[in-house]
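The structure appears right after this line, and notes come after that.
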């Protein structure tokens, strides 16, 4: 429950319509949000714009939604905004991108029998949480760095002090396990 007292204070600022809420979110979570956006976009200027868009979206939504976990809520906002920006950028240049590739890699885990289903986000989230809880701390970190923060394999390997082949093998094995996990849960 990191920053719990600060989160409560920030939420009160949002509830009271105080513009200080944005400066406090920036002070407490600004660097964290920019890291997420840069991980998705690989462009500091676009990342900064997405952070600002996140503040604006939070300003308009938090008083109504009252999220229980401010950090998680802001993370979801920045990630969605960054992915939308990435899609827009890719549509403009019609080029490939490593970040988009990491999402394509993960989509391979969805069993063919489930691809036509209407997504049930709560069920999928529960399945992913169960899957992630079953991984070792290192594997969970590798999985999240790659598929949530869109880190390149080389960066993850450097962080672990391992070679890229090791990380690639770990990711391959985890994707196979995730696919089996999703196939077994209907």
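The values are calculated or read from the model by the stated rules, or taken from the named source; none is laboratory data. What you are looking at is a predicted structure, and each value in this text was computed from that prediction instead of being measured. Cβ coordinates were reconstructed from backbone atoms using ideal geometry, including for glycine residues, and neighbour counts include every protein chain displayed.
Annotations
- Scanning the range 39-53 for residues that are over 23 Å from residue 155 (Cβ atoms) and touching a helix residue (DSSP H, G or I) at 6+ places or on another chain (Cβ under 7 Å) yields a total of 1.
- Considering residues of the range 67-91 that are surrounded by 14 or more Cβ atoms within 10 Å (Cβ to Cβ) and over 21 Å from residue 147 (Cα atoms) only, the residue farthest from the chain's Cα centre (by Cα): 67
- When residues of the range 35-46 are limited to those that are modelled with pLDDT of 90 or more and under 12 Å from the mean Cα position of the chain (by Cα), the one farthest from residue 90 (Cα to Cα): 35
- Single residue of the range 141-165 satisfying the filter (part of a loop (DSSP other than H, G, I, E, B) and touching a helix residue (DSSP H, G or I) at 6+ places or on another chain (Cβ under 8 Å)) that is farthest from residue 129 (Cα to Cα): 163
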